[in-house]
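**Q** One structure, pasted below without further comment.
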Amino acid sequence: MENSVSDASRRKRTNTHSYFEGKGKFFTIQLGLVLMMCVWFAFWAYKLPFNQGPDEYMRYQIPAYIYNNWSLPTGYEPEVIHTVGNWSYAFYPQMLGAIISAFFMHVMNLFYSTDHSLLVAARGASVLFGALGVLFTGKSVYKLTGKKAVSLLSMVALGFLPQYTFLSCYVNNDIIAVAGASMIVYAMIAAYDEAWNYKHSLIFSAGVIVCGLGYSNSYGFILFGGLFFVIVNIMNIKNGITQKKDFYKNFLLVFVICAVVIFPFFIRNYILHKDILGLTVFNKEYTRWLDEGGAVLQVPFAGNWFELIRNKDFIGTVFRSFVGLFGYMAFPMTMGYYLFYMWIFGLGIVGFILRSVKNRTALEESADVKWKKRWLVFFVIAACVTTVILHLYYVLYIDYQAQGRYIMAIVSPLMVIVVAGFSYYVDGLIKPEKRMLVYFILGIVYILINYLVYKNFVTLSFV
């Protein structure tokens with residue numbers, strides 16, 4: 001059965017076959033770039049004092065407990081309960097980051113064991129997931145554009161985004177959500193113009209697992225990634241690209257892998273707390289804190305949805321902390337940095353829209369591929385919007401937290417859009433022989449900005 005849907009898409013896959021198999025020189029270059037970023041992330045992780053990232057104290061309690069006891073906490077152990085609020089992240093089933101952190105701590109213990117070395121080892125999980133987010137973002141851009149320089153630029157733009165680097169250097173679950181979302185988006189992009197195969201299923205499953213056991217804020221990507229999986233396969237069956245038995249096999253593969261890995265954590269939570277996601281028991285312990293005379297710690301926004309999205313202080317703080325705001329949001333950058341990224345995001349999004357409008361009339365793509373591309377864009381945007389809505393809901397009904405990290409799962413698809421948009425400008429304005437130089441200069445600018453931010457702002461939290 002023919003797996004391609006057009007001559008153009010068949011040529012595209014032939015030209016990039018070695019890349020997707022991970023055997024080409026370009027993949028080696030991508031890995032080298034990722035390793036370079038890992039060194040930079042690890043440097044931040046080594047330098048940053050303990051608990052100079054939001055919630056690191058509570059997050060670190062979980063891997064520390066696993067490391068010391070060789071078991072998962074229930075949430076009621078004194079070692080994993082915050083002295084204020086009766087809060088414990090052990091009530092939640094999202095244990096993937098903590099387990100990997102504990103593993104790195106055990107590895108570190110074989111060579112060197114101090115409080116600082118174990119902390120840095122635990123932060124290694126964030127370094128790892130930061131690297132995965134960068135890698136799959138680059139793969140997504142290459143799949144969309146077929147341009148190696150643009151792919152590398154997207155990796156640099158994401159990895160050296162100040163807030164992204166910050167999240168990749170301390171114990172948190174936000175960077176895990178980014179990695180999972182980037183994997184799901186890549187699986188969607190990789191499959192829109194061809195038959196969904198076992199490779200797509202494995203990558204999609206890994207993304208679902210990372211999101212499912214990483215952070216609930218990224219669950220929109222699981223939902224809409226799953227819907228895309230079903231719709232694309234139905235379209236492929238209708239057009240004779242995929243046989244029903246292949247769809248059933250892929251569906252079973254995704255379901256079994258995800259169920260085997262994720263369900264035990266949810267089942268354990270239900271057995272322990274009669275609460276699959278841990279939200280109810282978390283709130284119950286906070287309510288007990290209040291009943292025992294504790295101070296009110298969660299105050300929702302005093303207004304409605306419309307007032308919230310029009311609140312300039314809220315929007316401004318979320319944007320700044322999405323781009324770069326360090327310590328416990330105590331060390332902002334100067335306004336010029338935020339304006340730079342505001343223009344970068346805005347121009348990139350406009351360029352992507354212009355690129356999409358231009359490509360609507362592309363003759364080399366079949367109507368089937370165009371429809372799947374539209375579904376792809378719609379579901380990725382829907383996943384991003386859902387992530388934002390979940391945060392707004394939390395702010396409105398639970399606690400006013402104007403923090404960009406809560407919507408950080410959208411940063412990978414956002415960077416795909418922004419960099420693809422800039423490639424549209426470069427293609428239209430710059431001569432072919434000069435484009436590589438332009439991308440190189442842009443990459444150097446991103447790296448230089450990141451270094452200046454580290455030197456002038458991040459180090460303020462070291463005192």
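**Q** Quick one: if the Förster radius is 25 Å, what FRET efficiency do Ile29 and Met329 give, using the C-beta to C-beta distance and rounding to 0.05? Working shown, then result.
**A** Values: r = 36 Å, r/R0 = 1.44.
After rounding to 0.05, the efficiency reads 0.10.
**Q** What is the sum of charges, Lys and Arg at +1 and Asp and Glu at -1, for the other residues whose Cβ falls under 14 Å from the Cβ of Met155?
**A** The answer is +4.
**Q** I would also like to ask the following. Dipole magnitude of the chain about its Cα centre, charges +1 at Lys/Arg Cβ and -1 at Asp/Glu Cβ only, in debye to the nearest 20? Each step should come with its number before you reach the end.
**A** Values: 37 positive and 24 negative charges, 361 e Å.
Charge dipole, the chain, about its Cα centre: 1740 debye, nearest 20.
**Q** Hey, what's the Cα Rg ratio for segment 312-355 versus the globular rule of thumb, 2.2 N^0.38 Å?
**A** Normalised Cα radius of gyration, segment 312-355: 1.32.
**Q** Using a 1.4 angstrom probe, figure out how much accessible area segment 390-437 has per residue, in square angstrom, rounded to the nearest whole.
**A** On a per-residue basis, segment 390-437 sits at 44 Å².
**Q** With every protein chain left in place, what is the accessible area per residue of segment 21-148 in square angstrom, probe 1.4 Å?
**A** 42 Å²
**Q** Taking every alpha carbon pair in segment 362-463, what does the distance histogram look like in 10 angstrom bins from 0, in percent?
**A** The calculated distribution, bin by bin, is 12, 23, 30, 25, 9, 1.
**Q** Now for a different question. Can you give the extra length, in nm with one decimal, that the chain gains between His106 and Val350 once fully stretched, where that is 0.36 nm per residue apart less the Cα-Cα distance? Intermediate values should be presented prior to the final figure.
**A** Working: separation 244, 0.36 × 244 = 87.84 nm, distance 4.75 nm.
Stretched out fully, the His106 to Val350 stretch lengthens by 83.1 nm.
**Q** Oh, and also: Compare the Cα positions of Asn250, Gly225, Leu213 along the charge dipole of segment 177-252 (+1 at Cβ of Lys, Arg; -1 at Cβ of Asp, Glu; about the Cα centre) and return the one farthest towards the positive end.
**A** Asn250
**Q** What's the local net charge at Gly294, with K and R +1, D and E -1, over the other residues with C-beta under 14 Å away?
**A** Once positives and negatives cancel, what remains is -1.
**Q** Taking the alpha-carbon centroid of each part, what is the distance from segment 279-337 to segment 72-135 in angstrom?
**A** 24 Å
**Q** When the chain is fully extended, how far beyond the present Cα-Cα distance does Lys199 get from Thr83, taking 0.36 nm per residue of separation?
**A** 37.2 nm
**Q** Assuming a viscosity of 1.306 mPa s and a temperature of 10 °C, what translational diffusion coefficient in µm² per second does Stokes-Einstein assign to the chain, Rh being the Kirkwood radius over Cα pairs?
**A** Result for D is 69 µm²/s.
**Q** Return a whole-number percent for the relative contact order of the chain, with Cα pairs under 8 Å and 6 or more residues apart as the contact set. Present the calculation step by step, with values, prior to reporting the outcome.
**A** Working: 650 pairs, mean separation 102.3, N = 463.
Averaging sequence separation for qualifying contacts and normalising by length gives 22 percent for the chain.
**Q** With label points built 7 Å along Cα→Cβ from the Cα atoms of Ala295 and Thr280, find their separation and express it in nm.
**A** Calculated label separation equals 3.1 nm.
**Q** OK, next. What does the charge count around Phe229 come to, taking other residues whose C-beta lies under 14 Å from its C-beta (Lys +1, Arg +1, Asp -1, Glu -1)?
**A** +1
**Q** State the extension gain, in nm to one decimal, for the chain segment bounded by Ala367 and Lys434, taking 0.36 nm per residue of separation less the distance between their alpha-carbons.
**A** Answer, rounded to one decimal: 20.7 nm.
**Q** Let me ask you something else. Suppose we flag GluC sites (Glu not before Pro) only when DSSP calls them loop and at most 16 other Cβ atoms lie within 10 Å. Which is the longest uninterrupted stretch of the chain?
**A** 22-291
**Q** With each run of n ≥ 4 DSSP H residues scored as -39500 (n - 2.57), what mean residue ellipticity at 222 nm is computed for the chain after dividing by its residue count and rounding to the nearest 500 deg cm²/dmol? Spell out each step's value before the answer.
**A** Values: 19 runs with 326 residues, N = 463.
For the chain, the value works out to -23500 deg cm²/dmol.
**Q** Using a 10 Å Cβ count of at most 14 others and DSSP loop calls, identify the longest part of the chain lacking such trypsin sites (Lys or Arg not before Pro).
**A** 24-273
**Q** Given DSSP loops and a limit of at most 10 other Cβ atoms within 10 Å, what is the longest stretch of the chain that contains no such chymotrypsin sites (Phe, Trp or Tyr not before Pro)? Each step should come with its number before you reach the end.
**A** Details: sites that count: Trp70, Phe111.
With chymotrypsin sites (Phe, Trp or Tyr not before Pro) excluded where exposed in loops, the chain gives 112-463 as its longest stretch.
**Q** A further question follows. Expressed as an acute angle from 0 to 90° and rounded to the nearest 10, what is the orientation of the C-alpha long axis of helix 198-212 relative to the principal long axis of the chain?
**A** Value to nearest ten degrees: 30.
**Q** So what does log10 I(q)/I(0) come out to for segment 149-264 at q = 0.16, 0.17, 0.21 Å⁻¹, using the Debye formula with one equal point on every Cα and no solvent?
**A** Results for segment 149-264 at q = 0.16, 0.17, 0.21 Å⁻¹ read -0.78, -0.86, -1.12.
**Q** Under 8 Å for C-alpha pairs, at least 6 residues apart: give me the relative contact order for segment 55-171, rounded to a whole percent.
**A** 23 percent
**Q** What is the Cα coordinate range of segment 249-328 on the first, second and third principal axes, sorted by size from largest, in whole angstrom?
**A** 49, 39, 30
The values are calculated or read from the model by the stated rules, or taken from the named source; none is laboratory data. A quick note: this is a predicted structure, and the numbers were derived from the prediction, not measured. No Cβ is skipped: glycine too gets one built from the backbone with ideal geometry, and neighbour counts run over all protein chains shown. Note: accessible area is taken over every heavy atom of the protein model, side chains too, but ligands, DNA and RNA are not part of it. Shrake-Rupley method; radii C 1.70, N 1.55, O 1.52, S 1.80 Å.
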